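All of the numbers you see were taken from the coordinates with simple rules; none came from a lab. Computed from a predicted structure; not experimentally measured. With ideal geometry, Cβ positions are generated from the backbone for all residues, glycine too; neighbour counts draw on all protein chains shown.
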Amino acid sequence: MEDENKAPQNKDKVVGKVKLSDGIYFDDRRFGDNVLKSYCEVEISNITDTSFDFTVYEVNVPEGEENKKVIFLTNTAVFTDDGMKAAFYGKKYTLDFTFPNKHNAEPIVTDIEISGFEPLEGRTYVNNGIPGHEFG
């Protein structure tokens, strides 16, 4: 399957100043007693000094059973500006990644905010399983 979102990443390479972790960053509204029927997850993988891969999943939990489907194929985001932000430059979408320091873990990234793709807008995605930076 060819990804029509992919576009050449011809930007100058910027070294990231944050430390991402491989794994799932999930919608932080899932904390506490919140039972969400539908939410998104962002899987981070293939992290290098200048980029990382990401895949976006929609998770539906209609009756306690989790159904997960890809809604944004695996693509590569590159670090931008001062290395504290990242972006994916696609043909149809430009996604901007910011890494707020909501859990005082900087430069370790426990929180990600993403704009440019409506299902992810206005949410914070968290990874609370990073060794030494667990929270709940």
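Data overview
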{"read-out": "Anchor K19: aspartates and glutamates whose Cα lies under 16 Å away (excluding residues fewer than 8 positions away in-chain)", "value": "E43, D49, D53, D81, D82, E106, D111, E113, E134"}
{"read-out": "Relative exposure of V56, V61, judged by other C-beta atoms within 10 Å (fewest first)", "value": "V61, V56"}
{"read-out": "Correct choice for percent of Cα pairs over 26 Å apart that was computed from the model, options (1) 38; (2) 12; (3) 21", "value": "(3)"}
{"read-out": "Ellipsoid semi-axes in whole angstrom, largest first, where each is sqrt(5λ) of the Cα gyration tensor of region 79-134", "value": "22, 13, 8"}
{"read-out": "Too-long pairs where the Cα-Cα distance tops 23 Å, listed order kept, from K69/K102; K17/K68; K37/K69; K13/K91", "value": "K69/K102; K17/K68"}
{"read-out": "Within-14-Å neighbourhood charge of Y57 [Cβ basis; K, R +1; D, E -1]", "value": "-2"}
{"read-out": "In nm, spacing of pseudo-spin labels at D49 and K68 (7 Å Cα→C-beta vector)", "value": "3.2 nm"}
